Amino acid sequence: MNVSLPYTECYVKRSFLMGPKSFNWGKDEMIPAVLLSFKAIQGEAPLFEVYLPEYQACYDKVLQCAIFDRQIIGPTRIDLDDVAYWDCLSDDAELHIKPLRMHMKMKNPNGVMMTGDYLWTIDWRRCNVPGSQWNVWNEHKQKNFFFDEKTGVLCCGPNNRIHWFDKSLSHQPPKAPFFKVFEKTWSHENELALGKATKWNYDEDT
């Protein structure tokens, strides 16, 4: 399933356009590109199709960790697990855009804080395997995307592990939620709540 994406200019690591044996997870030459679509294959990491204007070509198998919003990046190695939380839960995905201009803040699995402005959301509609995770309330996860301000890499995270801040609507500091989230403590003062859950079920944390 391919899902068309909003027009988004970016850069792609050159080595990720040459097949898996050529991947360079560190510093690499950056090729100007435009994001075209999100490819969802159940049980596999999502892939992105990009248009490469300099080559007048489309390339349809780019990993998320190879997509950046800037041409020059630092020496920090970025792996797929740093920026994309799960494999696709279904072949049937859809894109929607939350109607607010929100700033996002989350910790990746290694405890690194990543921040940026919200781009779009990928969600799952249905799955060919009955009873699989896509429709189980405590397992279903959206993929909410943003470019990290520090590294420029394209990130995504689940809505329940992200602080969402809208300048005209959000209170500062945020209240602790009474609704179901992975962590009982959730505030800007206690950043450990972001992305540090050790239990898989919402109910176990309440």
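The values are calculated or read from the model by the stated rules, or taken from the named source; none is laboratory data. Note that the structure is predicted; figures quoted are calculated from it, not measured. So basically every Cβ, Gly included, is an ideal-geometry build from the backbone, and we count neighbours across all protein chains shown.
Among what's in the stretch 105-135 and is part of a loop (DSSP other than H, G, I, E, B) and modelled with pLDDT of 65 or more, pick the residue that is nearest to the chain's Cα centre (by Cα).
ASN108
For the stretch 51-79, what are the residues that are surrounded by 15 or more Cβ atoms within 10 Å (Cβ to Cβ) and within 21 Å of GLY157 (Cα to Cα)?
Once the filter is applied, which keeps residues that are surrounded by 15 or more Cβ atoms within 10 Å (Cβ to Cβ) and within 21 Å of GLY157 (Cα to Cα), the stretch 51-79 yields VAL62, LEU63, GLN64, CYS65, ALA66, ILE67, PHE68, ASP69, ILE78.
Go through the stretch 46-64 and report how many residues are assigned to a loop (DSSP other than H, G, I, E, B) and polar (S, T, N, Q).
Adding up the residues that qualify gives 1.
If you scan the stretch 32-45, which residues turn out to be crowded, with 21+ Cβ neighbours inside 10 Å and either part of a helix (DSSP H, G or I) or not small (Gly, Ala, Ser) (or both)?
LEU35, PHE38, listed by residue number.
For PHE165, which of the numbered conditions (1) within 28 Å of LYS39 (Cβ to Cβ); (2) at pLDDT 85 or above fails to hold?
The single condition PHE165 does not satisfy is (1).
Here are the criteria: (1) crowded, with 19+ Cβ neighbours inside 10 Å; (2) under 11 Å from the mean Cα position of the chain (by Cα); (3) at pLDDT below 95. Tell me which single one ASP148 does not satisfy.
Only one criterion is unmet by ASP148, namely (3).
Given PRO20, PRO32, PRO6, PRO46, which one is without any contact (Cβ under 8 Å) to a residue 12 or more places away in the chain and not hydrophobic (A, V, I, L, M, F, W, C)?
Within the list PRO20, PRO32, PRO6, PRO46, the selection yields PRO20.
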